[in-house]
Amino acid sequence: MIKSELCSLLGIKYPVFQGGMAWIADGKLAAAVSNGGGLGIIAAGNAPGEYVRSQVKIARELTDKPIGVNIMLLSPFIEEVAKVVVEEKVEVVTTGAGNPSKFIGAWNEAGIKVIPVVASVAMAKLMTRLGAAAVIAEGGESGGHVGELTTMVLVPQVCDATDLPVIAAGGIADGRGVAAAFMLGACGVQLGTRFLSAYECGVHPNYKKKILKANDLCTMVTGKKLGHPVRQLRTAFAKKYWDAEYGGMPDEELEALGTGVLRLAAVEGDEERGCFLSGQIAALVKKEQPAAEIIKELMEEAEPLLLGASKWVE
Amino acid sequence: MYFETIAKVIAERMDIDVESIKPESTFADLKIDSLDTVDMVMNLEDILGIEIDLDQPVTTVGDLDRFIQNKVAAK
């Protein structure tokens with residue numbers, strides 16, 4: 001049984017988070033993950049406060065375990081979402097795409113554990129100072145918005161920079177990744193891509209099919225020019241976007257080209273026009289199964305690796 | 001008031017000529033993104049010995065200078 005301080009901190013059985021993926025991570029998936037012993041996280045994305053509230057209510061009907069909400073700090077609805085998580089007494093808030101300093105005080109006062117995603121040492125230090133309960137060090141292997149540094153490089157440096165519990169994310173899909181994360185200094189892991197194959201994940205079947213078929217070189221990063229790089233599967237849309245980005249399309253047009261495309265992929269399964277976000281590790285996602293089984297497998301694979309690591313030392 | 005210190009930190013970090021940095025220089029032009037900003041502000045805090053707590057967006061180097069001045073005056 002894997003022991004981690006993260007479990008007692010959050011009241012969860014296994015130190016496994018399911019990432020709050022926009023348009024994908026809803027109340028049903030989060031509940032399944034939490035019921036499976038991990039921390040299920042609802043993605044607020046760019047949705048209004050009432051959407052978040054309704055997903056929290058759905059999760060609460062399905063589980064009495066702790067759940068989280070991932071708040072995208074660039075959302076136009078950030079103020080109302082920030083209030084909803086307090087009103088609904090969400091146990092954990094993770095944050096991405098920015099600096100949550102404006103809200104941490106209120107969330108801490110409400111008893112919420114705030115766990116920001118950080119992509120740099122300085123961010124980790126700042127979040128520690130602002131009163132975060134833990135940090136998620138997410139490397140650029142992950143899907144969606146990505147930073148410069150890889151998980152391999154970021155996690156140990158973040159662990160050096162803060163005494164807070166560090167959750168590693170990016171490029172983890174099986175027990176080997178989990179064990180490696182612990183070796184780098186983390187005490188927990190967050191997975192996104194692997195949970196796309198959960199039965200309880202309501203993403204369009206076309207999306208799941210693409211993930212299950214993916215190989216090692218399946219992703220590419222676009223959007224660097226606009227300052228928000230995004231990792232997605234190499235699809236018709238991705239290549240079209242790349243050509244536009246490096247072919248001199250003006251920034252506003254480029255922004256417009258990337259609007260609404262994740263919804264087209266995740267909700268409508270539009271293989272021509274959709275943007276299929278994915279981590280680099282998609283090739284290791286090989287079958288559909290219940291979320292609880294995913295978590296069980298991760299732990300069952302990681303444990304013998306961690307126990308057996310002593311074989312390397314004479 | 002803090003412009004010179006800020007300019008020096010930027011010049012060192014971005015490996016550019018400190019003379020090329022003006023109060024009107026925007027962080028976008030200097031290719032400084034949001035992560036660089038956090039790093040730079042923490043660096044400045046160490047050098048200046050004050051907590052800056054940058055809680056609003058700043059567009060130019062001059063904006064940052066004024067922000068820090070206001071912070072110090074408010075203490």
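The values are calculated or read from the model by the stated rules, or taken from the named source; none is laboratory data. Predicted, not measured: the structure shown is a model, and the values here were computed from it. Cβ sites come from the backbone with ideal geometry, for glycine too, and all protein chains shown count toward neighbours. These area figures cover heavy atoms from the full protein model, side chains too; ligands, DNA and RNA do not enter into them. Shrake-Rupley method; radii C 1.70, N 1.55, O 1.52, S 1.80 Å.
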task = Per DSSP H run of n ≥ 4, the term is -39500 (n - 2.57); total these for chain B, divide by its residue number, and report the mean residue ellipticity at 222 nm rounded to 500 deg cm²/dmol.
result = -17500 deg cm²/dmol
Principal axes of the stretch A:100-236: Cα extent on each, largest first, Å = 43, 35, 31
ask   = Can you pull the semi-axes for the stretch A:194-239, root of five times each eigenvalue of the Cα gyration tensor, sorted largest first, whole Å?
value = 23, 12, 9
query = How large is ³J(HN,Hα), in whole Hz, for each residue of the stretch A:129-145 in order, when computed from phi with the Karplus curve 6.51 cos²θ - 1.76 cosθ + 1.60 and θ = phi - 60°, using x for Gly and Pro?
reply = 5, 7, x, 5, 8, 6, 9, 9, 8, 10, x, x, 6, 6, x, x, 5
key: Residues with amide H under 5 Å from that of A:Val69, placed H, sequence gap 5 or more   = A:Ile42, A:Val92, A:Val93, A:Thr94
inquiry  = Please state the shape class of the stretch A:165-204: rounded when a/c is under 1.5, otherwise prolate if a/b exceeds b/c and oblate if not, all from the C-alpha gyration tensor.
reply    = prolate
key: Spin-label model distance (nm) - A:Lys225 vs A:Lys239, 7 Å beyond Cα toward Cβ   = 1.8
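Once you've got the Cα coordinates, tell me which of A:Lys57/A:Lys296; A:Lys125/A:Lys224; A:Lys83/A:Lys113; A:Lys208/A:Lys287; A:Lys225/B:Lys31; A:Lys65/A:Lys89 are over 19 Å apart.
Correct reply: A:Lys57/A:Lys296; A:Lys125/A:Lys224.
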query = Of the heavy-atom accessible surface of chain A (probe 1.4 angstrom), what whole percent is carbon and sulfur?
reply = 55
remark   = Counting only residues 5 or more apart in sequence or on a different chain, those whose built amide H sits under 5 Å from that of B:Ile16 are none
ask   = Taking θ as phi - 60°, what are the ³J(HN,Hα) couplings along the stretch B:62-75 by the Karplus curve (6.51, -1.76, 1.60), each to the nearest whole Hz, with x for Gly and Pro?
value = x, 4, 5, 4, 5, 4, 5, 4, 5, 4, 5, 5, 6, 6
remark   = Any aspartates and glutamates whose Cα falls less than 17 Å from that of B:Lys71, other than same-chain ones fewer than 8 residues away, would be B:Glu45, B:Asp46, B:Glu51, B:Asp53, B:Asp55, B:Asp63
task = Under 1.5 on a/c is rounded, so check that first for the stretch A:213-314, then, if it is not, pick prolate when a/b is larger than b/c and oblate when it is not; a ≥ b ≥ c are the square roots of the alpha carbon gyration tensor eigenvalues.
result = prolate
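The protein assembly as shown: Rg/Rh from Cα coordinates, Kirkwood Rh?
My calculation of the ratio gives 0.97.
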query = Per residue, what volume in Å³ does the convex hull of the Cα atoms of the stretch A:219-277 enclose?
reply = 63
For the stretch A:37-134, alpha-carbon Rg relative to the globular expectation (2.2 N^0.38 Å, N residues) = 1.01
query = How large is ³J(HN,Hα) for each residue in the stretch A:299-314, as worked out from phi by the Karplus curve 6.51 cos²θ - 1.76 cosθ + 1.60 (θ = phi - 60°), to whole Hz, x for Gly and Pro?
reply = 6, 5, 7, 6, 4, x, 5, 5, 5, x, 4, 5, 5, 7, 10, 8
key: Rough spin-label spacing in nm, given labels placed 7 Å along Cα→Cβ, for B:Arg13 and B:Met1   = 2.1
